[in-house]
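Just below is one structure, and these are the notes that go with it.
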Amino acid sequence: MKAKLFPAKAAASLVRRVGSAAGWERGYVPVLLPGGWLLAGRRKGAPEIALGFKIKPPKWAEPLAGFPREEHPLKDWVAWSFAATHEALRALRDSVPFLSPSLSGDKPSVGFGDRTGLATPGHARSLAGTKLFPVFAQQSIREMTRTQRSPDQVMDDAVFGVLQAGWIRGWGADADHLKLPEDVERSARAGFVLFTLDVGDHIGKDVAKLSDAALAEAASAVPGAGRWVREYLGRTFRFRDFEVTFGDRALRETIVKYGRAVLQAALLAERALKARGGAPCEIEMSVDETHEDTTEADHVFVARELRERGIRLAAIAPKFIGDFEKGVDYRGDVRAFGRSIARHAAIAKALGGHKLSIHSGSDKFSLYPAVGRATRGRFHLKTAGTSWLEALRAACRKDPALFREIADFARGRYAQDRASYFISGRVEDVPPPSELGDADLERVYLDGDAGRQILHVTYGSVFQSPLKPRLFALLVREEETHHACVARHLARHVSRL
């Protein structure tokens, strides 16, 4: 089913007429489909959808015929308007292809984590003039827990945002950092098509500190270790500019670090494939949330062993050298990173063609040229918290008093909320909001590293506080400022890739 956008003049006229008839304060981008059209809007801030047709509803609209609706006879159309409920959005997603997530395949892709569920139009705008494939629905179970959302809600917000933006080019949905089989299944039922498997809990820690004897003992305790020693010990894998040899200690370190992780990833991947019921999906393995860098030998081992188990990887997220702290640029040797990612890219190309996934990838502006060069477009960049910061930037510009309350609250929660993150920002490095004028709030808290990290990791506490409804009401009321902030900041990311 082909979807097209209306010419600008016709679109503006239709939005005005539908908005007037349906009592909307805001209408968005109408999309022309065979036999009719679709349009998103808001009435009293709540999301609604309208569809129109000439004489009878087209086939794609039939699943909506039984939903509660208002009918509006227009001059040349019959229009239905109805609330954008989960059931209505699910019906539309099942019948209108551009509203359903798809696979990124070989395309370079960017994940746009949207903690508010309101940022998708800004994300779409950031991609103007690019060919990057967007993943608009991207959320980890940890984030869902902290934002009090479900996989269904994340998907619904993305679907409405796609229609709101008039995005008809295709988009993805990533169930991020999955650790448990039941979370894999919940995400599959909600319609996610990319499953990022987080096996960090199964990765061996501090292996470099083990004595040779302790390392040998730890390796022998890993299921399958005997076969791996027989297959890999002394073996050399050659790539264009380098080679990887599995010496005794290097192999045993890899087995201890990644042996159990591979087995867990295979289990979760099989659960995802089964939960999808034969429908296509993509699998990513995440090993980034650890203290030890992923070596070239580690990468070879993981990629080969998953392929041996019939798991075709779409991407691997290694733990790259250097520090990928939240909300700030890369901290490390940029040239050394460039050399390292080039080798990882060569391994990925040779062992299945999977992408390299860059987690905690937002705001790492110094690295993006190297990522683009080394991978030649076979990358997936994940962003999330940076869009939350841009929502707060909009709040800072439109309601400094509310922003001050949020910043004060975040300062009080930071010591507790930072516990699950690798970050270095300190509250004492940032003056309290009461000591800053309105003009300095944004500079200190949204442009300075420590201020950004304080706000970045306390989002869950804000979502569970009385501040949330006031913030969300502002973001809906001032959505143009919100989307402009998101688009400007994320465009800085994609332009460098």
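Taking the conditions exactly as written (among the hydrophobic types (A, V, I, L, M, F, W, C), part of a strand (DSSP E or B) and in contact (Cβ under 8 Å) with a residue 24 or more places away in the chain), does residue 124 satisfy them or not?
On the way: among the hydrophobic types (A, V, I, L, M, F, W, C): yes; part of a strand (DSSP E or B): no; in contact (Cβ under 8 Å) with a residue 24 or more places away in the chain: yes.
Criteria not met by residue 124.
Provide a single number: the residues in the range 39-56 that are surrounded by fewer than 23 Cβ atoms within 10 Å (Cβ to Cβ), hydrophobic (A, V, I, L, M, F, W, C) and modelled with pLDDT of 95 or more.
Number of matching residues: 2.
Based on what the data block shows, is residue 377 small (Gly, Ala, Ser) and closer than 19 Å to residue 104 by Cα? If you could, list the steps in order and put the result at the bottom.
Numbers: small (Gly, Ala, Ser): yes; closer than 19 Å to residue 104 by Cα: yes.
Yes; evaluated as a whole, the condition is true for this residue.
Looking for something more than 29 Å from residue 132 (Cβ to Cβ) and hydroxyl-bearing (Ser, Thr, Tyr) - is there at least one such residue anywhere in the range 384-397?
Within the range 384-397, not a single residue is more than 29 Å from residue 132 (Cβ to Cβ) and hydroxyl-bearing (Ser, Thr, Tyr).
Got a sec? Which of 327, 332 is more than 16 Å from residue 380 (Cα to Cα) and surrounded by fewer than 22 Cβ atoms within 10 Å (Cβ to Cβ)? Reasoning before the result, please.
On the way: 327 fails: surrounded by fewer than 22 Cβ atoms within 10 Å (Cβ to Cβ).
332 is the lone residue from the list that is more than 16 Å from residue 380 (Cα to Cα) and surrounded by fewer than 22 Cβ atoms within 10 Å (Cβ to Cβ).
In the range 211-255, which residues are among the hydrophobic types (A, V, I, L, M, F, W, C), more than 15 Å from residue 302 (Cα to Cα) and in contact (Cβ under 8 Å) with a residue 24 or more places away in the chain?
Once the filter is applied, which keeps residues that are among the hydrophobic types (A, V, I, L, M, F, W, C), more than 15 Å from residue 302 (Cα to Cα) and in contact (Cβ under 8 Å) with a residue 24 or more places away in the chain, the range 211-255 yields 215, 216, 218, 219, 239, 242.
If you go through the range 366-380 one residue at a time, do you hit one that is within 18 Å of residue 452 (Cα to Cα), under 21 Å from the mean Cα position of the chain (by Cα) and charged (D, E, K, R)? Break it down stepwise before answering.
First, pick out the residues of the range 366-380 that are within 18 Å of residue 452 (Cα to Cα): 366.
With the extra rule that they be under 21 Å from the mean Cα position of the chain (by Cα), the set shrinks to 366.
Subsequent filtering for residues that are charged (D, E, K, R) retains none.
Within the range 366-380, none of the residues are within 18 Å of residue 452 (Cα to Cα), under 21 Å from the mean Cα position of the chain (by Cα) and charged (D, E, K, R).
Which residue is farthest from residue 148 (Cα to Cα), if the candidates are limited to the range 476-489 and must be in contact (Cβ under 8 Å) with a residue 12 or more places away in the chain and over 20 Å from the mean Cα position of the chain (by Cα)?
481
With respect to residue 279, is the statement that it is in a helix (DSSP H, G or I) and assigned by TED's automatic domain parsing to the domain that holds residue 294 true? Quick ask: steps written out before the conclusion?
Working: in a helix (DSSP H, G or I): no; assigned by TED's automatic domain parsing to the domain that holds residue 294: yes.
Here the answer is no, as residue 279 does not meet what is asked.
Of the conditions (1) touching a Gly at 6+ places or on another chain (Cβ under 7 Å); (2) without any contact (Cβ under 8 Å) to a residue 40 or more places away in the chain, residue 339 fails just one. Which one is it?
Result: residue 339 fails condition (1) only.
List the strands (runs of 3 or more DSSP E) that sit entirely inside the range 167-259 and contain at least 3 residues that are assigned by TED's automatic domain parsing to the domain that holds residue 110 and surrounded by 14 or more Cβ atoms within 10 Å (Cβ to Cβ). Before the answer, list the steps.
Numbers: elements: 172-178, 194-198, 236-238, 243-245.
Output list reads 172-178, 194-198.
The values are calculated or read from the model by the stated rules, or taken from the named source; none is laboratory data. Not measured: the values here are computed from a predicted model. FYI the Cβ positions are ideal-geometry reconstructions off the backbone, even for glycines, and counts take in every protein chain you see.
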